[in-house]
1. Restricting to the stretch 169-201, and then to whatever is surrounded by 12 or more Cβ atoms within 10 Å (Cβ to Cβ) and not in a helix (DSSP H, G or I), can you tell me which residue is farthest from the chain's Cα centre (by Cα)?
2. Give just the number: which of (1) surrounded by fewer than 17 Cβ atoms within 10 Å (Cβ to Cβ); (2) at pLDDT 95 or above; (3) assigned by TED's automatic domain parsing to the domain that holds Asp184 does Leu59 not satisfy?
3. Does Val165 satisfy being on the phi < 0 side of the Ramachandran plot, β-branched (Val, Ile, Thr) and not assigned by TED's automatic domain parsing to the domain that holds Thr285?
4. Quick one: which of Ile154, Ile136 is surrounded by 11 or more Cβ atoms within 10 Å (Cβ to Cβ), part of a strand (DSSP E or B), assigned by TED's automatic domain parsing to the domain that holds Glu77 and aliphatic (A, V, I, L, M)?
Amino acid sequence: MKTKIFTIAVLLGLLSTSYLFSQISGNQNYSGNYNSSIQSKANYSTTDSTLSIVIKVLLNQTADRYVLAIAVSQENESSKDCNSKINERINGFISKIYNLGIKDEDLYVDFIGQTKLYDYTVEDNKAEQYESGFEIKKNIIITTINLQNIDKIIEIASEFEIYDVIKVDYINDDIESIYNNLFDEAMKIVEKRKDNYVKTFNRKVTGNPRAFDNFYYVFPKSQYKQYKAYESSEVDNFSKKENYLKKIARKNTTFYYDGIDYSSFDKIINNAKPEIGIQYVLTLTVVYDIEKNK
């Protein structure tokens with residue numbers, strides 16, 4: 001009877017684990033590069049005279065400022081009218097985003113270039129190219145501290161037929177303070193690991209420790225992945241017919257944010273925050289001298 005109960009419990013456990021995994025993985029498995037392996041690292045290593053402790057800390061930090069780049073282009077038969085019309089659209093757009101609290105010092109219009117446009121006339125099976133006008137391109141650089149402003153800026157831009165959002169950069173102002181905080185957090189863990197080792201193995205630390213670190217950060221723009229999730233049928237029997245046309249349906253592409261894997265870190269700060277930001281990583285190695293065993 002006990003054997004039956006144990007078998008049922010194991011089966012239920014396996015089923016619940018399988019169900020949980022399917023809910024967690026989601027459609028990202030369609031990307032083909034989903035990796036469920038767990039990363040690991042050594043917490044410390046020793047010799048007969050040294051103790052080395054390696055700690056990794058990750059911080060998910062929301063941005064202090066956002067820098068939005070929007071592209072604007074204008075075509076016209078004359079260069080002068082082309083420039084006049086693009087400036088009219090840009091100035092109208094800027095005048096409306098002032099209502100969002102954006103100031104002149106938060107704006108910059110970058111002239112990208114002016115090029116000639118060419119088209120063709122076709123007559124008596126002869127195509128001849130001619131100069132049809134000009135195109136001017138400019139970029140508008142906007143800084144805002146309010147993330148919600150980005151949606152509003154894009155909506156206002158569409159009123160002036162401005163649709164090309166080039167990128168959004170995330171900026172933190174005080175990187176040194178972020179580093180210092182990560183260092184302090186890492187050292188707290190180092191001290192606990194050192195005290196635990198000394199107590200467990202009855203060793204004695206001597207002299208002053210030596211430290212080495214590696215500090216870097218990752219911006220959101222490099223952390224996005226994509227996939228297409230669909231199941232498609234085949235038309236093998238139909239393909240045997242001559243002169244058939246097979247029309248492929250458009251498949252939606254999903255993009256999603258996939259930050260640094262948490263599995264190899266000793267501490268993650270702000271790991272439950274849903275807002276996407278900049279990820280800061282500090283790896284701290286501290287080496288202690290210890291008395292040799294007699």
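1. If we take residues in the stretch 169-201 being surrounded by 12 or more Cβ atoms within 10 Å (Cβ to Cβ) and not in a helix (DSSP H, G or I), then Asn172 is farthest from the chain's Cα centre (by Cα).
2. (1)
3. Details: on the phi < 0 side of the Ramachandran plot: yes; β-branched (Val, Ile, Thr): yes; not assigned by TED's automatic domain parsing to the domain that holds Thr285: yes.
Considered against the rule, which asks whether it is on the phi < 0 side of the Ramachandran plot, β-branched (Val, Ile, Thr) and not assigned by TED's automatic domain parsing to the domain that holds Thr285, Val165 comes out as yes.
4. Working: Ile154 fails: part of a strand (DSSP E or B).
Every option except Ile136 fails the conditions.
The values are calculated or read from the model by the stated rules, or taken from the named source; none is laboratory data. None of the values given here were measured: they were computed from a predicted structure. With ideal geometry, Cβ positions are generated from the backbone for all residues, glycine too; neighbour counts draw on all protein chains shown.
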